[in-house]
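Contents: one structure, followed by commentary.
The values are calculated or read from the model by the stated rules, or taken from the named source; none is laboratory data. No experiment lies behind these values; they were computed from the predicted model shown. Cβ sites come from the backbone with ideal geometry, for glycine too, and all protein chains shown count toward neighbours. Surface areas here come from the heavy atoms of the whole protein model, side chains and all, with no ligands, DNA or RNA. Shrake-Rupley method; radii C 1.70, N 1.55, O 1.52, S 1.80 Å.
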Amino acid sequence: MRVTLTAHPLTASQRDGVFPRADEPAEAASFDVVTGATRIVRGPEARCDLLPGAEIVPELRDLDMGSWTGRSLAGIEPAELGRWVGDAAAAPHGGESVEELLARIAGWLGRLDRGPVFAVTHPAVVRAAVCVATGADYRRVDVPPLGRASLTGTGGRWNLRLQ
């Protein structure tokens, strides 16, 4: 099984330090689809709609930032931001915690039964997949726009290749 996850291109919100809305498009960019991918999938948000005919996979949606959606980092109460960053189970915004994101992505990876798969999704989702595959701490992984990670393996045992 091979899964290649690519983070969508830069958005205005990312550039401005704002938690994005679902309908925000990504900036124009080009990237290559992995040769041999038999299944091309994407997150449901507009910024992942970059490949005609890609299958929408709800599990590849961005981390739900709840009441922080559309707000800038600078506008978030520092104590709430600190709690969210320091505790993977915390969701002071009322959305999804990092633990919930990790569980969602672990479930999706565990249900994959055919491949190779190429996915356009969000930096948070690529980051979560890397953490699920390697056991890395989510706070210690950074994925830039257009960042790409390939996972190969079977039975829940993954190898990571960064591209």
**Asked** Out of (1) in a loop (DSSP other than H, G, I, E, B); (2) surrounded by 15 or more Cβ atoms within 10 Å (Cβ to Cβ); (3) touching a residue at least 60 places away in the same chain (Cβ under 8 Å), the odd one out for Gln14 is which?
**Response** (1)
**Complete:** Per the list (1) surrounded by fewer than 16 Cβ atoms within 10 Å (Cβ to Cβ); (2) at pLDDT 95 or above; (3) in contact with a strand residue (DSSP E or B) (Cβ under 8 Å, 6 or more places away or on another chain); (4) of a type in the set (D, E, K, R), residue check on Glu80 breaks on (3)
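Conditions tested, residue by residue: (1) open to solvent by 30 Å² or more (accessible area, probe 1.4 Å); (2) in a strand (DSSP E or B); (3) not charged (D, E, K, R).
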{"position": "Glu27", "(1), (2), (3)": "yes, no, no"}
{"position": "Phe31", "(1), (2), (3)": "yes, no, yes"}
{"position": "Thr35", "(1), (2), (3)": "yes, no, yes"}
{"position": "Val41", "(1), (2), (3)": "no, yes, yes"}
{"position": "Arg47", "(1), (2), (3)": "no, no, no"}
{"position": "Leu50", "(1), (2), (3)": "yes, no, yes"}
{"position": "Gly53", "(1), (2), (3)": "yes, no, yes"}
{"position": "Leu63", "(1), (2), (3)": "no, no, yes"}
{"position": "Ser67", "(1), (2), (3)": "yes, no, yes"}
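Count, please, the residues in the range 69-86 that happen to be in a helix (DSSP H, G or I) and closer than 22 Å to Arg140 by Cα.
Start the filter on the range 69-86 by keeping residues that are in a helix (DSSP H, G or I), which leaves 73-75, 78-86.
After this cut, where a residue has to be closer than 22 Å to Arg140 by Cα as well, the list is 73-74, 78-86.
So the answer is 11.
Take the range 137-163 and flag every residue that is within 18 Å of Trp84 (Cα to Cα) and part of a loop (DSSP other than H, G, I, E, B).
Here is the first cut: in the range 137-163, the ones within 18 Å of Trp84 (Cα to Cα) are 137-142.
Passing the criteria: Asp137, Val141, Asp142.
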**Asked** Taking interchain pairs and intrachain pairs at least six residues apart, which have beta carbon atoms under 8 angstrom, with the first residue in the range 44-67 and in contact (Cβ under 8 Å) with a residue 24 or more places away in the chain and under 18 Å from Arg104 (Cα atoms) and the second open to solvent by 70 Å² or more (accessible area, probe 1.4 Å) and part of a loop (DSSP other than H, G, I, E, B)?
**Response** Glu45/Asp23; Glu45/Arg61
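Can you tell me which residues in the range 87-120 are open to solvent by 50 Å² or more (accessible area, probe 1.4 Å) and assigned to a helix (DSSP H, G or I)?
Start the filter on the range 87-120 by keeping residues that are open to solvent by 50 Å² or more (accessible area, probe 1.4 Å), which leaves 87, 89, 94, 99-100, 103, 110-111, 113-114.
Selection gives Glu99, Glu100, Ala103, Gly110, Arg111.
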**Message:** Kindly evaluate Arg71 against the criterion of being at pLDDT 95 or above, open to solvent by 40 Å² or more (accessible area, probe 1.4 Å), of a type outside the set (Val, Ile, Thr) and farther than 16 Å from Val117 by Cα.
**Reply:** yes
**Request:** Residue by residue through the range 128-158, note down the ones that are open to solvent by 60 Å² or more (accessible area, probe 1.4 Å), under 12 Å from the mean Cα position of the chain (by Cα), over 21 Å from Thr35 (Cα atoms) and not acidic (Asp, Glu).
**Result:** Pro144
